[in-house]
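The values are calculated or read from the model by the stated rules, or taken from the named source; none is laboratory data. These figures come from a predicted structure and were not determined experimentally. Neighbour counts run over all protein chains shown; Cβ positions are idealised from the backbone, glycine included.
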Amino acid sequence: MSEGSISIEYAMEKASGPHFSGFRTPTATSVSSTTFSDANVPREPFVIGVSGGTASGKTTVCDMIIQQLHDHRVVLVNQDSFYRGLNSEELKRVHEYNFDHPDAFDTEQLLECIKKLKIGHSVQVPVYDFKLHRWSSDSFRQVNASDVIILEGILVFHDQRVRNLMNMKIFVDADADVRLARRIRRDTVERGRDVNSVLEQYAKFVKPAFDDFVLPSKKYADVIIPRGGDNHVAIDLIVQHIRTKLGQHDLCKIYPNVYVIQSTFQIRGMHTLIRDRDISKHDFVFYSDRLIRLVVEHGLGHLPFTEKQVVTPTATVYTGVDFCKKLCGVSIVRSGESMENALRACCKGIKIGKILIHREGDDGKQLIYEKLPTDISERHVLLLDPVLATGNSANQAIELLIQKGVPQSHIIFLNLISAPEGIHCVCKRYPSLKIVTSEIDVALNEEFRVIPGMGEFGDRYFGTDD
Ligand SMILES: Nc1ncnc2c1ncn2[C@@H]1O[C@H](COP(=O)(O)OP(=O)(O)O)[C@@H](O)[C@H]1O
Ligand SMILES: Nc1ccn([C@@H]2O[C@H](COP(=O)(O)O)[C@@H](O)[C@H]2O)c(=O)n1
Ligand SMILES: [Mg+2]
């Protein structure tokens, strides 16, 4: 355990490389979508190889990782699907067939499959039947292009070309006697074998092939998981790492003060609804409000706190924290006003100021109207605007707050959707300010509108779009 657990974070960081973050899909429904970065460059998925001896717990570990992620952006491909079909002669003498030798697999097909997934195509993967020793011609599993692809099997580290497709390699370790015991149980219960045939196959093929091919490939692993599925610490670390990578946009690496709230199905579902041009006004407002509430709560989590102790009804002391008291909201009129209710619902009696930035003509001159609390310089400010596009009006508003004496580091800018251009514009000028957003979109178009975006938020929210 010590070997795996000490090096695990380092190895994962090293293995992940610089190219894994900032996933964006061009359309919400595309099954074969390519992932995109903020620069609108197609981005390859992150491929994790999971190897280990038979019955070490590879499939179990992969299932646990996928279940914990409960995120459809992860797909599993089993090396078993690429077992070569047996001809009738081989089938008649199946007990003499070595399923543990590298030649038992159609590695060319496996390579083609992973390469396709890596470039964003979906693939049909055969489903292997261990009872019949073949994959059935009419049974395929559709594997969609995804942000993370897990490739699992006893010999996935054997071929260098397959290894080269992987960004992270995990070896699942378990004692040989434990594996044999599990294999006997599994193969008799699930794979239609009797104990004798399992033992015979194990001695003749499985163990020698493990020693000759599987064990020597362990050296390629970045992470070794001792005790397989029982090693919850290792699995948690791997899951956390994948989660971070999935949720982390490149911009969050460049600007450490940009926070994208952790994506979940609920959040993506709400985004899908509010971005849909055909959604009813009522639903648009409802789901926008839900998302705004999440962003506001998340933003509040970045405020400073002081320790506070209370006595519970069981007469014991609970050591907790006290909320930051000196707060105020500032909405950038008009769409920022849509975020005021959520802020009021979270912070009783909070003062809310307003800034209106009105562009006069095309010469870049701007008129600013403001109404802010007089003691604003003593407060932490939650600046509200659901969409950050170019960053020009945000910068005007922030400049005004700074002129009023608010330190940059006391400003948290809350958005639902942020364009990379706007983030660059604001963060370069105000590196100590924090931005909390629920999604970073692909880019701005020629008309400076966020793409894919959601149109004119204020008009849609306040019903002035018809
Ligand atoms: N930690 C564990 N404790 C008990 N049984 C396990 C554990 N991990 C796996 N098994 C069982 O052992 C068998 C082999 O596990 P599996 O994950 O299929 O291994 P692999 O894919 O490496 O061959 C399965 O029947 C599984 O339920
Ligand atoms: N028709 C087959 C094909 C493969 N095997 C055995 O499966 C093992 C690989 O699967 P794990 O889930 O255990 O990794 C491998 O050791 C083969 O011996 C088989 O018995 N019959
Ligand atoms: Mg398996």
Counting only residues that are at pLDDT 85 or above and small (Gly, Ala, Ser), how many does the stretch 121-146 have? 1
Which one of these does residue 191 not meet: (1) modelled with pLDDT of 95 or more; (2) within 16 Å of ligand 3 (Cβ to nearest atom)? (1)
In the stretch 153-176, which residues are among the β-branched types (Val, Ile, Thr) and surrounded by fewer than 16 Cβ atoms within 10 Å (Cβ to Cβ)? none
Every residue in the stretch 209-243 that is under 23 Å from residue 94 (Cβ atoms) and either within 16 Å of ligand 3 (Cβ to nearest atom) or in contact (Cβ under 8 Å) with a residue 40 or more places away in the chain (or both), please. 209, 210, 213, 214
Qualifying position, being more than 11 Å from ligand 3 (Cβ to nearest atom), farther than 23 Å from residue 122 by Cβ, of a type in the set (Ser, Thr, Tyr) and touching a residue at least 24 places away in the same chain (Cβ under 8 Å), among 97, 83: 97
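For the condition free of Cβ contacts under 8 Å to residues at least 60 places away in the same chain and more than 36 Å from the chain's Cα centre (by Cα), what is the one hit in 336, 391, 405, 353?
Result: 405 is the single residue among 336, 391, 405, 353 that is free of Cβ contacts under 8 Å to residues at least 60 places away in the same chain and more than 36 Å from the chain's Cα centre (by Cα).
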What pairs come up if the first residue lies in the stretch 177-190 and is surrounded by fewer than 19 Cβ atoms within 10 Å (Cβ to Cβ), the second is modelled with pLDDT of 95 or more, and their beta carbons are under 7 Å apart, counting only those six or more places apart or on different chains? 182/55; 184/195; 184/198; 186/55; 188/194; 188/195; 188/198
Going by what's in this entry, would residue 50 be described as modelled with pLDDT of 55 or more, more than 16 Å from ligand 2 (Cβ to nearest atom) and touching a strand residue (DSSP E or B) at 6+ places or on another chain (Cβ under 6 Å)? no
Based on what the data block shows, is residue 238 more than 16 Å from ligand 2 (Cβ to nearest atom), crowded, with 19+ Cβ neighbours inside 10 Å and closer than 26 Å to residue 160 by Cα? yes
With the condition being within 12 Å of ligand 1 (Cβ to nearest atom), I'd like the helices (runs of 4 or more DSSP H) fully within the stretch 47-141 carrying at least 3 qualifying residues. 58-69
